[in-house]
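FYI, it's all coordinate maths here, none of it is from the lab. This is a predicted model, so every value here is computed, not measured. Here the Cβ is made from the backbone with ideal geometry for all residues, glycine too, and neighbour counts use every protein chain on show.
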């Protein structure tokens, strides 16, 4: 809406120029046919209806833009904080203790990974929305690093779970022969 409002004067001049060319053709060469007159009338009526709607939309956007930008920032802050908490949880405490049950840790981390991926997608969407509104762009490189940390932690516990299972299966086999 804002972009079109900026170019509206140019579009209006372009329309007036086309009308003047059309008038010149009518005066010097031929009159417009009934079908051409009908199309011109419809086009001008649509243009005349469009202008007030565009101005109304621009007013609406201008009125609500600050509150929408603030809402986007707040939502981004909440989601980013949630993401940071999950990353912190998944890279500390019991997730650092190799004595923990690997399958249980892997299960918890699978859930955390799904949640982190959902948060990441939402943050990406908010970033694009903010950019489209003409607000500041948000650097999401930290987000990518954080998501990779959780995935790496999950993969590590998955490896430990596989190793533990293999070791449990292997121990009885060594002494069975």
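Here 40, 16 are screened, and the one residue that is exposed (fewer than 11 other Cβ atoms within 10 Å of the Cβ) and over 30 Å from residue 120 (Cβ atoms) is 16. Condition test on residue 143, is it without any contact (Cβ under 8 Å) to a residue 60 or more places away in the chain and assigned to a helix (DSSP H, G or I)? Against the criterion (without any contact (Cβ under 8 Å) to a residue 60 or more places away in the chain and assigned to a helix (DSSP H, G or I)), residue 143 does not qualify. Find the residue count for region 58-76, including only residues that are surrounded by 14 or more Cβ atoms within 10 Å (Cβ to Cβ) and within 21 Å of residue 128 (Cβ to Cβ). Residues flagged as surrounded by 14 or more Cβ atoms within 10 Å (Cβ to Cβ) and within 21 Å of residue 128 (Cβ to Cβ) within region 58-76 amount to 8.
You will find that of 15, 21, the residue that is more than 30 Å from residue 131 (Cα to Cα), assigned to a helix (DSSP H, G or I) and in contact (Cβ under 8 Å) with a residue 12 or more places away in the chain is 15 and no other. Report yes if some residue within region 32-54 is touching a helix residue (DSSP H, G or I) at 6+ places or on another chain (Cβ under 9 Å) and in contact (Cβ under 8 Å) with a residue 40 or more places away in the chain; otherwise report no. Yes. Comparison of 167, 79, 143, 109 shows that the only residue that is surrounded by fewer than 13 Cβ atoms within 10 Å (Cβ to Cβ) and over 30 Å from residue 4 (Cα atoms) is 167. Taking region 76-98 as the region of interest, how many residues are in contact (Cβ under 8 Å) with a residue 24 or more places away in the chain and within 19 Å of residue 114 (Cα to Cα)? Here the count works out to 11.
Residue 112 fulfils the conditions (1) in a helix (DSSP H, G or I); (2) more than 30 Å from residue 168 (Cβ to Cβ); (3) in contact (Cβ under 8 Å) with a residue 40 or more places away in the chain except for a single criterion, (2).
Each row is one residue, and each column tells you yes or no for (1) more than 30 Å from residue 12 (Cβ to Cβ); (2) more than 15 Å from the chain's Cα centre (by Cα).
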| position | (1), (2) |
| --- | --- |
| 60 | no, yes |
| 100 | yes, yes |
| 109 | yes, yes |
| 121 | yes, no |
| 124 | yes, no |
| 127 | yes, no |
